[in-house]
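Have a look at the structure that comes next, please.
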Amino acid sequence: MQFSLFGAAAAEPVLDDLDGVLLAGGHWARLGGTARLSVVVPDAWRADALAEAFAGRGVADVARSVEAAQSGVSVRTAFSAALAPHAARWMRGANEVPPLGFVLSPGGLRLWAVASGWADGAGYVLRTAAPDDAVHLAAGAQLARLGLAAVSLSHRPGWRITSLKRLRRLAEMVGEPPRDAGPDWPS
């Protein structure tokens, strides 16, 4: 794989990369002046890779629970004051919506792929929580901005990236696969 100057491997991990987890269906919980990020993922390798990514961004004390999520593995950060401004960016009243001027980083794209991406017979799918909500629409706009124009899916909400050129660009942008990702990682 060719190293991309604009990919996740070229950028320092930052807390704003956690935006990718929100696109994949993650949620903020706030308590006082702190916040916690949680998401349910379908596979243990995804939970392990997210826990590692959280730690790489200075968010320690990650909890994993298979029992807490019937549809997969729940992974969440501890409540942290460092996460509070990031959670506040995504909150409009009681709703989670993309912040004004939202720009997905390559690190955020990687975390989105870790949390919910998979290869299917027609391309590579990045899942979102709901079709046609503000998060889903912002996710599609960010893919287009990154040169990864995709098709919106409604039956299993997400975005499908097709064409060899876009799939190669996606693979360059998200970087090397996490341990045990197997065929669920773009190549």
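Given H placed on each backbone N at 1.01 Å, which residues far from residue 117 in sequence or on other chains put an amide H within less than 5 Å of it?
Amide H neighbours of residue 117, under 5 Å, 5+ apart: 127.
The range 142-156 to the range 38-57: how many Å between their Cα centroids?
So the two Cα centres are separated by 23 Å.
Now for a separate question. Residues with beta-carbon under 12 Å from that of residue 90, excluding residue 90: net charge, scoring Lys, Arg +1 and Asp, Glu -1?
0
As a test question: what accessible area, to the nearest 10 Å², does residue 91 have when a 1.4 Å probe is rolled over all protein chains in place?
That residue has around 40 Å² of solvent-accessible surface.
Say each of residue 44 and residue 31 gets a label point 7 Å from the Cα, pointing the same way as Cα to Cβ; how far apart are those two points in nm?
Calculated label separation equals 2.7 nm.
Would you kindly derive the ³J(HN,Hα) couplings of the range 121-131 from the backbone phi angles with the Karplus curve 6.51 cos²θ - 1.76 cosθ + 1.60 (θ = phi - 60°), listing them in order in whole Hz, with x for Gly and Pro?
x, 9, x, 10, 10, 10, 6, 10, 6, 9, x
Additional query: When ligands, DNA and RNA are left out and all protein chains stay put, how many square angstrom of accessible area per residue does the range 20-132 have with a 1.4 Å probe?
Roughly 43 Å² per residue, with all protein chains present.
If I compute solvent accessible area with a 1.4 Å probe over the protein chains, what percent of it on the chain is carbon and sulfur?
On the chain, the fraction of accessible area on carbon and sulfur atoms equals 54 percent.
So what is the 222 nm mean residue ellipticity for the chain from helices alone, if each DSSP H run of at least 4 adds -39500 (n - 2.57) and you divide by all residues, rounding to the nearest 500 deg cm²/dmol?
-9000 deg cm²/dmol, from helical runs alone.
With springs only between Cα atoms under 10 Å, which of 29, 94, 44 fluctuates most in a Gaussian network model of the chain?
For the chain, modelled as a Gaussian network with Cα springs under 10 Å, the answer is 94.
Ok, one more. Using the Kirkwood radius over C-alpha pairs as Rh, can you work out the diffusion coefficient of the range 52-187 via Stokes-Einstein at 25 °C, viscosity 0.890 mPa s, in µm² per second?
152 µm²/s
Continuing with the same structure: Each residue of the range 154-162 in order: what ³J(HN,Hα) in whole Hz does its phi give by Karplus 6.51 cos²θ - 1.76 cosθ + 1.60, θ = phi - 60°, with x for Gly and Pro?
Result, ordered by residue: 10, 5, 9, x, x, 10, 9, 9, 10 Hz.
Another question, if that's okay. If R₀ is 25 angstrom, what is the calculated FRET efficiency for the pair residue 82 and residue 152, using the beta carbon separation as r and rounding to 0.05? All intermediate terms of the calculation are to be shown ahead of the outcome.
Working: r = 34 Å, r/R0 = 1.35.
Efficiency for this residue pair is about 0.15.
The values are calculated or read from the model by the stated rules, or taken from the named source; none is laboratory data. All values derive from a computational prediction rather than experimental measurement. For neighbour counting, all protein chains shown are included, and Cβ atoms are generated from backbone atoms with ideal geometry for every residue, glycine included. Heads up: the accessible areas ignore ligands, DNA and RNA and are worked out on the full protein's heavy atoms, side chains in. Shrake-Rupley method; radii C 1.70, N 1.55, O 1.52, S 1.80 Å.
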